[in-house]
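This report concerns only the one structure given below.
The values are calculated or read from the model by the stated rules, or taken from the named source; none is laboratory data. Note that the structure is a prediction, hence the values are computed from the model and not measured. FYI the Cβ positions are ideal-geometry reconstructions off the backbone, even for glycines, and counts take in every protein chain you see. SASA here: full protein model, heavy atoms, side chains in, ligands and nucleic acids out. Shrake-Rupley method; radii C 1.70, N 1.55, O 1.52, S 1.80 Å.
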Amino acid sequence: MRVAAQIKLSGSERSKLERFSKARNVPERLRERSRMILLAADGLENKEIAQCLGQDPGKVGRWRRRYAEQGLPGIVKDKTRPGRIEPISAAKKSRIIKLTVGSKPDGSTHWSRATMAREVGVSPSSVGRVWAAHGLKPHRVKTFKLSNDRNFEEKLENIVGLYLSPPEHAVVLSCDEKSQIQALDRTQPGLPLKKGRCQTMTHDYKRNGVTSLFAAMDIADGRIISKCMNRHRHQEWLKFLRHVAKSVPRDKQIHIICDNYATHKHAKVKAWQKRNPRFHLHFTPTSASWLNMVERFFRDITDKAIRRGVFRNVPDLTAAIEEYIKAHNSDPKPFIWTSTATDILEKVKRGRRKLNKMQSA
(Lines give C-alpha, C1' and ligand atoms only; values in the text may rest on other atoms or scores of the structure.)
Protein backbone atom coordinates (compact mmCIF):
# COMPACT_ATOMS: atom_id res chain seq x y z
CA MET A 1 0.00 0.00 0.00
CA ARG A 2 1.44 3.34 -1.05
CA VAL A 3 1.94 5.83 1.81
CA ALA A 4 0.72 9.37 1.16
CA ALA A 5 3.55 11.85 0.63
CA GLN A 6 4.20 14.18 3.54
CA ILE A 7 3.77 17.86 2.68
CA LYS A 8 5.54 20.60 4.60
CA LEU A 9 5.13 24.17 3.46
CA SER A 10 7.29 27.19 4.13
CA GLY A 11 5.62 30.50 4.79
CA SER A 12 6.21 31.77 1.25
CA GLU A 13 4.95 28.50 -0.29
CA ARG A 14 1.77 28.58 1.75
CA SER A 15 1.23 32.22 0.85
CA LYS A 16 1.56 31.47 -2.88
CA LEU A 17 -0.75 28.46 -2.70
CA GLU A 18 -3.37 30.41 -0.78
CA ARG A 19 -3.22 33.16 -3.38
CA PHE A 20 -3.52 30.63 -6.20
CA SER A 21 -6.46 28.89 -4.49
CA LYS A 22 -8.51 32.13 -4.43
CA ALA A 23 -7.32 34.12 -7.45
CA ARG A 24 -9.67 34.37 -10.42
CA ASN A 25 -6.95 35.14 -12.93
CA VAL A 26 -5.34 31.68 -12.71
CA PRO A 27 -6.56 28.50 -14.39
CA GLU A 28 -9.20 26.49 -12.52
CA ARG A 29 -6.97 23.42 -12.48
CA LEU A 30 -4.24 25.37 -10.58
CA ARG A 31 -6.77 26.67 -8.01
CA GLU A 32 -7.97 23.10 -7.50
CA ARG A 33 -4.46 21.67 -7.09
CA SER A 34 -3.47 24.44 -4.67
CA ARG A 35 -6.42 23.59 -2.40
CA MET A 36 -5.37 19.93 -2.45
CA ILE A 37 -1.82 20.75 -1.34
CA LEU A 38 -2.97 23.16 1.40
CA LEU A 39 -5.27 20.51 2.88
CA ALA A 40 -2.50 17.90 2.59
CA ALA A 41 -0.13 20.22 4.48
CA ASP A 42 -2.77 20.51 7.22
CA GLY A 43 -2.47 16.71 7.71
CA LEU A 44 -5.57 15.45 5.89
CA GLU A 45 -5.50 12.08 4.12
CA ASN A 46 -6.23 11.73 0.42
CA LYS A 47 -9.73 10.36 1.00
CA GLU A 48 -10.58 13.25 3.30
CA ILE A 49 -9.28 15.80 0.79
CA ALA A 50 -11.20 14.13 -2.03
CA GLN A 51 -14.37 14.24 0.04
CA CYS A 52 -13.90 17.91 0.87
CA LEU A 53 -13.23 18.96 -2.72
CA GLY A 54 -15.46 16.44 -4.51
CA GLN A 55 -12.52 14.88 -6.34
CA ASP A 56 -11.22 11.39 -6.98
CA PRO A 57 -8.76 10.14 -4.30
CA GLY A 58 -6.40 8.91 -7.00
CA LYS A 59 -6.25 12.38 -8.51
CA VAL A 60 -5.52 13.91 -5.10
CA GLY A 61 -2.73 11.40 -4.50
CA ARG A 62 -1.20 12.08 -7.91
CA TRP A 63 -0.89 15.87 -7.37
CA ARG A 64 0.19 15.42 -3.77
CA ARG A 65 3.02 13.17 -4.90
CA ARG A 66 3.92 15.55 -7.74
CA TYR A 67 4.22 18.47 -5.29
CA ALA A 68 6.34 16.44 -2.87
CA GLU A 69 8.76 15.55 -5.69
CA GLN A 70 8.92 18.82 -7.66
CA GLY A 71 7.49 21.53 -5.48
CA LEU A 72 5.38 24.33 -6.91
CA PRO A 73 6.51 23.80 -10.57
CA GLY A 74 5.12 20.26 -10.34
CA ILE A 75 1.52 21.49 -10.11
CA VAL A 76 1.79 24.65 -12.20
CA LYS A 77 2.49 22.75 -15.43
CA ASP A 78 1.10 19.44 -16.67
CA LYS A 79 3.42 16.65 -17.73
CA THR A 80 4.47 16.82 -21.34
CA ARG A 81 2.52 14.41 -23.48
CA PRO A 82 3.66 12.61 -26.63
CA GLY A 83 2.86 14.39 -29.87
CA ARG A 84 0.69 13.09 -32.68
CA ILE A 85 1.50 9.70 -34.12
CA GLU A 86 4.13 10.02 -36.81
CA PRO A 87 2.44 9.59 -40.20
CA ILE A 88 3.34 6.57 -42.25
CA SER A 89 5.88 7.06 -45.00
CA ALA A 90 5.04 7.68 -48.63
CA ALA A 91 6.64 4.36 -49.51
CA LYS A 92 4.26 2.46 -47.20
CA LYS A 93 1.27 4.37 -48.55
CA SER A 94 2.32 3.45 -52.07
CA ARG A 95 2.72 -0.19 -51.08
CA ILE A 96 -0.74 -0.27 -49.45
CA ILE A 97 -2.34 1.12 -52.61
CA LYS A 98 -0.39 -1.22 -54.89
CA LEU A 99 -1.30 -4.31 -52.84
CA THR A 100 -4.95 -3.28 -52.56
CA VAL A 101 -5.55 -2.89 -56.29
CA GLY A 102 -3.10 -5.48 -57.60
CA SER A 103 -3.10 -8.48 -55.28
CA LYS A 104 -5.11 -10.60 -52.83
CA PRO A 105 -4.17 -11.99 -49.41
CA ASP A 106 -3.62 -15.74 -49.13
CA GLY A 107 -6.91 -17.61 -48.97
CA SER A 108 -9.12 -14.50 -49.35
CA THR A 109 -10.84 -12.64 -52.16
CA HIS A 110 -9.98 -9.15 -50.89
CA TRP A 111 -7.98 -7.25 -48.32
CA SER A 112 -9.32 -6.15 -44.94
CA ARG A 113 -7.80 -3.45 -42.76
CA ALA A 114 -6.41 -6.10 -40.40
CA THR A 115 -4.81 -8.29 -43.10
CA MET A 116 -3.28 -5.28 -44.84
CA ALA A 117 -1.99 -3.90 -41.54
CA ARG A 118 -0.20 -7.19 -40.80
CA GLU A 119 1.25 -7.32 -44.30
CA VAL A 120 2.63 -3.76 -44.32
CA GLY A 121 3.42 -3.36 -40.63
CA VAL A 122 1.16 -0.42 -39.77
CA SER A 123 -2.01 -0.04 -37.71
CA PRO A 124 -5.45 -0.92 -39.14
CA SER A 125 -6.47 2.72 -38.64
CA SER A 126 -3.58 3.87 -40.81
CA VAL A 127 -4.70 1.48 -43.55
CA GLY A 128 -8.24 2.85 -43.28
CA ARG A 129 -6.99 6.43 -43.64
CA VAL A 130 -4.96 5.59 -46.74
CA TRP A 131 -7.93 3.81 -48.31
CA ALA A 132 -10.28 6.69 -47.52
CA ALA A 133 -7.84 9.25 -48.96
CA HIS A 134 -7.65 7.34 -52.25
CA GLY A 135 -11.29 6.22 -52.49
CA LEU A 136 -10.48 2.52 -52.05
CA LYS A 137 -13.22 0.24 -50.66
CA PRO A 138 -12.07 -3.37 -51.04
CA HIS A 139 -14.89 -4.62 -48.78
CA ARG A 140 -17.49 -3.51 -51.34
CA VAL A 141 -18.35 -4.94 -54.75
CA LYS A 142 -20.87 -3.78 -57.35
CA THR A 143 -22.47 -5.80 -60.13
CA PHE A 144 -22.44 -4.77 -63.78
CA LYS A 145 -23.15 -6.09 -67.25
CA LEU A 146 -22.17 -4.48 -70.54
CA SER A 147 -24.91 -4.88 -73.10
CA ASN A 148 -24.11 -6.83 -76.27
CA ASP A 149 -27.14 -5.45 -78.08
CA ARG A 150 -26.17 -4.49 -81.64
CA ASN A 151 -28.60 -1.56 -81.49
CA PHE A 152 -27.51 -0.44 -78.03
CA GLU A 153 -26.64 3.12 -79.03
CA GLU A 154 -29.85 3.66 -80.97
CA LYS A 155 -32.07 2.30 -78.16
CA LEU A 156 -30.14 4.24 -75.53
CA GLU A 157 -30.54 7.55 -77.34
CA ASN A 158 -34.25 6.85 -77.89
CA ILE A 159 -35.00 6.17 -74.22
CA VAL A 160 -32.79 8.91 -72.77
CA GLY A 161 -34.40 11.29 -75.26
CA LEU A 162 -37.82 10.40 -73.84
CA TYR A 163 -36.55 11.09 -70.30
CA LEU A 164 -34.83 14.39 -71.05
CA SER A 165 -37.19 15.72 -73.71
CA PRO A 166 -40.56 13.95 -73.62
CA PRO A 167 -42.89 14.55 -76.59
CA GLU A 168 -45.75 17.02 -76.32
CA HIS A 169 -49.35 15.86 -75.86
CA ALA A 170 -48.07 12.49 -74.68
CA VAL A 171 -47.49 10.50 -71.53
CA VAL A 172 -44.20 8.61 -71.08
CA LEU A 173 -44.55 5.56 -68.84
CA SER A 174 -41.69 3.47 -67.52
CA CYS A 175 -43.18 -0.03 -67.26
CA ASP A 176 -42.12 -3.40 -65.93
CA GLU A 177 -43.29 -6.38 -63.88
CA LYS A 178 -42.02 -7.32 -60.46
CA SER A 179 -42.78 -10.99 -60.76
CA GLN A 180 -42.92 -13.81 -58.20
CA ILE A 181 -43.32 -11.59 -55.13
CA GLN A 182 -43.64 -14.09 -52.30
CA ALA A 183 -46.17 -13.81 -49.49
CA LEU A 184 -43.87 -14.78 -46.62
CA ASP A 185 -45.06 -15.43 -43.09
CA ARG A 186 -42.47 -15.72 -40.32
CA THR A 187 -42.37 -18.88 -38.21
CA GLN A 188 -42.44 -16.87 -34.97
CA PRO A 189 -43.61 -13.34 -34.11
CA GLY A 190 -40.85 -10.73 -34.31
CA LEU A 191 -39.92 -8.36 -31.49
CA PRO A 192 -40.79 -4.67 -32.00
CA LEU A 193 -38.35 -1.79 -32.18
CA LYS A 194 -37.45 -0.34 -28.78
CA LYS A 195 -34.79 1.89 -27.26
CA GLY A 196 -31.45 0.11 -27.47
CA ARG A 197 -32.73 -2.71 -29.71
CA CYS A 198 -33.66 -2.91 -33.37
CA GLN A 199 -36.72 -4.71 -34.67
CA THR A 200 -36.22 -8.47 -35.02
CA MET A 201 -37.69 -11.17 -37.24
CA THR A 202 -36.98 -14.87 -37.68
CA HIS A 203 -34.58 -15.91 -40.42
CA ASP A 204 -36.92 -18.65 -41.64
CA TYR A 205 -40.38 -18.28 -43.13
CA LYS A 206 -43.44 -19.95 -44.62
CA ARG A 207 -44.33 -19.44 -48.28
CA ASN A 208 -47.99 -18.62 -48.83
CA GLY A 209 -48.12 -18.02 -52.59
CA VAL A 210 -46.91 -15.36 -55.00
CA THR A 211 -48.18 -12.40 -56.98
CA SER A 212 -46.80 -10.28 -59.80
CA LEU A 213 -46.91 -6.49 -59.71
CA PHE A 214 -47.36 -4.75 -63.06
CA ALA A 215 -46.40 -1.08 -62.71
CA ALA A 216 -46.15 1.95 -65.01
CA MET A 217 -44.48 5.08 -63.64
CA ASP A 218 -45.31 8.44 -65.21
CA ILE A 219 -41.87 10.03 -65.59
CA ALA A 220 -43.39 13.53 -65.46
CA ASP A 221 -44.88 13.36 -61.97
CA GLY A 222 -43.90 9.96 -60.51
CA ARG A 223 -47.47 8.66 -60.31
CA ILE A 224 -47.83 4.86 -60.48
CA ILE A 225 -50.43 2.92 -62.46
CA SER A 226 -50.44 -0.63 -61.10
CA LYS A 227 -52.19 -3.97 -61.08
CA CYS A 228 -51.37 -7.20 -59.21
CA MET A 229 -52.03 -10.46 -61.03
CA ASN A 230 -51.40 -14.10 -60.21
CA ARG A 231 -49.56 -14.96 -63.42
CA HIS A 232 -47.05 -13.32 -65.69
CA ARG A 233 -47.92 -14.04 -69.31
CA HIS A 234 -48.78 -12.04 -72.40
CA GLN A 235 -52.46 -12.28 -71.40
CA GLU A 236 -51.71 -10.44 -68.13
CA TRP A 237 -49.55 -7.91 -69.98
CA LEU A 238 -52.44 -7.15 -72.32
CA LYS A 239 -54.80 -6.74 -69.36
CA PHE A 240 -52.35 -4.26 -67.87
CA LEU A 241 -52.05 -2.31 -71.13
CA ARG A 242 -55.84 -2.03 -71.25
CA HIS A 243 -55.78 -0.83 -67.64
CA VAL A 244 -53.20 1.81 -68.62
CA ALA A 245 -55.37 2.88 -71.56
CA LYS A 246 -58.30 3.53 -69.20
CA SER A 247 -56.08 5.44 -66.76
CA VAL A 248 -54.60 7.88 -69.33
CA PRO A 249 -56.76 10.57 -71.00
CA ARG A 250 -57.81 9.54 -74.50
CA ASP A 251 -56.31 12.63 -76.15
CA LYS A 252 -52.81 11.64 -74.98
CA GLN A 253 -50.35 9.47 -76.86
CA ILE A 254 -48.78 6.78 -74.63
CA HIS A 255 -45.08 5.92 -74.85
CA ILE A 256 -44.23 2.71 -72.98
CA ILE A 257 -40.63 1.98 -71.97
CA CYS A 258 -40.18 -1.73 -71.25
CA ASP A 259 -37.57 -4.48 -71.41
CA ASN A 260 -37.11 -7.30 -73.92
CA TYR A 261 -39.07 -9.94 -72.01
CA ALA A 262 -40.79 -12.28 -74.50
CA THR A 263 -44.20 -11.41 -73.03
CA HIS A 264 -43.83 -7.82 -74.26
CA LYS A 265 -43.12 -8.95 -77.85
CA HIS A 266 -45.75 -11.67 -78.18
CA ALA A 267 -47.59 -11.78 -81.51
CA LYS A 268 -50.93 -11.02 -79.83
CA VAL A 269 -49.37 -8.00 -78.10
CA LYS A 270 -48.13 -6.70 -81.44
CA ALA A 271 -51.56 -7.24 -82.98
CA TRP A 272 -53.22 -5.36 -80.11
CA GLN A 273 -50.76 -2.48 -80.51
CA LYS A 274 -51.69 -2.14 -84.19
CA ARG A 275 -55.33 -1.80 -83.14
CA ASN A 276 -54.35 0.82 -80.56
CA PRO A 277 -52.08 3.23 -82.42
CA ARG A 278 -51.73 5.68 -79.54
CA PHE A 279 -49.49 3.11 -77.81
CA HIS A 280 -45.79 3.31 -78.73
CA LEU A 281 -43.45 0.68 -77.21
CA HIS A 282 -39.76 1.47 -76.67
CA PHE A 283 -37.55 -1.46 -75.69
CA THR A 284 -34.44 -1.12 -73.55
CA PRO A 285 -31.24 -2.74 -74.86
CA THR A 286 -30.59 -6.29 -73.67
CA SER A 287 -28.82 -6.45 -70.28
CA ALA A 288 -29.71 -2.80 -69.65
CA SER A 289 -32.70 -2.89 -67.31
CA TRP A 290 -31.05 -0.03 -65.38
CA LEU A 291 -32.35 2.26 -68.13
CA ASN A 292 -35.91 1.60 -66.96
CA MET A 293 -36.67 4.09 -64.18
CA VAL A 294 -39.49 2.02 -62.71
CA GLU A 295 -36.78 -0.29 -61.33
CA ARG A 296 -36.01 2.48 -58.85
CA PHE A 297 -39.61 2.38 -57.65
CA PHE A 298 -39.44 -1.42 -57.32
CA ARG A 299 -36.43 -1.03 -55.04
CA ASP A 300 -38.34 1.40 -52.82
CA ILE A 301 -41.46 -0.74 -52.51
CA THR A 302 -39.31 -3.79 -51.72
CA ASP A 303 -37.44 -1.97 -48.95
CA LYS A 304 -40.44 -0.17 -47.46
CA ALA A 305 -43.42 -2.49 -47.89
CA ILE A 306 -42.41 -6.05 -48.82
CA ARG A 307 -39.09 -7.26 -47.38
CA ARG A 308 -40.01 -6.78 -43.71
CA GLY A 309 -43.69 -7.56 -44.11
CA VAL A 310 -45.54 -10.57 -42.69
CA PHE A 311 -48.17 -11.99 -45.08
CA ARG A 312 -50.35 -14.96 -44.24
CA ASN A 313 -51.79 -15.13 -47.75
CA VAL A 314 -51.60 -13.49 -51.17
CA PRO A 315 -54.51 -11.06 -50.52
CA ASP A 316 -52.59 -9.69 -47.52
CA LEU A 317 -49.53 -9.15 -49.74
CA THR A 318 -51.61 -7.52 -52.47
CA ALA A 319 -53.28 -5.22 -49.94
CA ALA A 320 -49.89 -4.09 -48.60
CA ILE A 321 -48.64 -3.35 -52.13
CA GLU A 322 -51.77 -1.40 -53.01
CA GLU A 323 -51.63 0.54 -49.75
CA TYR A 324 -48.03 1.58 -50.42
CA ILE A 325 -48.84 2.68 -53.98
CA LYS A 326 -51.88 4.62 -52.77
CA ALA A 327 -49.71 6.48 -50.24
CA HIS A 328 -47.09 7.08 -52.93
CA ASN A 329 -49.63 8.50 -55.37
CA SER A 330 -51.05 10.85 -52.74
CA ASP A 331 -47.76 12.79 -52.87
CA PRO A 332 -45.78 11.49 -55.87
CA LYS A 333 -42.27 12.66 -56.61
CA PRO A 334 -40.63 11.88 -59.95
CA PHE A 335 -37.14 10.47 -60.31
CA ILE A 336 -35.10 12.99 -62.28
CA TRP A 337 -32.93 11.56 -65.04
CA THR A 338 -29.76 13.65 -65.51
CA SER A 339 -27.27 11.61 -67.58
CA THR A 340 -27.14 12.28 -71.30
CA ALA A 341 -26.77 9.51 -73.85
CA THR A 342 -23.27 10.81 -74.68
CA ASP A 343 -22.15 10.53 -71.04
CA ILE A 344 -23.49 6.98 -70.76
CA LEU A 345 -21.92 5.89 -74.05
CA GLU A 346 -18.53 7.19 -72.95
CA LYS A 347 -18.71 5.17 -69.74
CA VAL A 348 -19.76 2.07 -71.66
CA LYS A 349 -16.86 2.52 -74.09
CA ARG A 350 -14.38 2.81 -71.22
CA GLY A 351 -15.81 -0.32 -69.64
CA ARG A 352 -15.67 -2.17 -72.94
CA ARG A 353 -12.03 -1.21 -73.52
CA LYS A 354 -11.08 -2.35 -70.02
CA LEU A 355 -13.03 -5.60 -70.36
CA ASN A 356 -11.47 -6.38 -73.73
CA LYS A 357 -8.01 -5.67 -72.35
CA MET A 358 -8.57 -8.06 -69.43
CA GLN A 359 -10.01 -10.79 -71.65
CA SER A 360 -7.10 -10.59 -74.11
CA ALA A 361 -4.44 -10.57 -71.36
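Annotations
- In segment 171-213, the residue that is nearest to ASN158 (Cα to Cα) out of those that are surrounded by 16 or more Cβ atoms within 10 Å (Cβ to Cβ) and in contact with a His (Cβ under 8 Å, 6 or more places away or on another chain) is VAL172.
- Among the residues examined, ALA327 does not qualify as assigned to a helix (DSSP H, G or I) and open to solvent by less than 30 Å² (accessible area, probe 1.4 Å).
Residue-by-condition table, conditions (1) under 30 Å from LEU193 (Cα atoms); (2) in contact with a Gly (Cβ under 8 Å, 6 or more places away or on another chain); (3) open to solvent by 50 Å² or more (accessible area, probe 1.4 Å):
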| position | (1), (2), (3) |
| --- | --- |
| ASP251 | no, no, yes |
| ARG278 | no, no, no |
| ALA288 | no, no, no |
| LYS333 | yes, yes, yes |
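- Filter result for PHE311 (in a loop (DSSP other than H, G, I, E, B) and either buried (at least 17 other Cβ atoms within 10 Å of the Cβ) or without any contact (Cβ under 8 Å) to a residue 40 or more places away in the chain (or both)): yes
- Scanning segment 256-271 for any residue that is under 30 Å from LEU146 (Cα atoms), of a type in the set (Gly, Ala, Ser) and either in contact with a helix residue (DSSP H, G or I) (Cβ under 9 Å, 6 or more places away or on another chain) or loosely packed, with under 12 Cβ neighbours inside 10 Å (or both) turns up at least one such residue.
- With respect to (1) surrounded by 16 or more Cβ atoms within 10 Å (Cβ to Cβ); (2) within 43 Å of the chain's Cα centre (by Cα); (3) among the small types (Gly, Ala, Ser), the lone exception for SER103 is condition (1).
Table: residues versus (1) open to solvent by less than 80 Å² (accessible area, probe 1.4 Å); (2) part of a loop (DSSP other than H, G, I, E, B); (3) not acidic (Asp, Glu).
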{"site": "ALA68", "(1), (2), (3)": "yes, no, yes"}
{"site": "ILE75", "(1), (2), (3)": "yes, no, yes"}
{"site": "LYS93", "(1), (2), (3)": "no, no, yes"}
{"site": "TRP111", "(1), (2), (3)": "yes, yes, yes"}
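- Checked against (1) modelled with pLDDT of 95 or more; (2) of a type outside the set (Ser, Thr, Tyr); (3) over 32 Å from the mean Cα position of the chain (by Cα), LEU317 passes all but condition (3).
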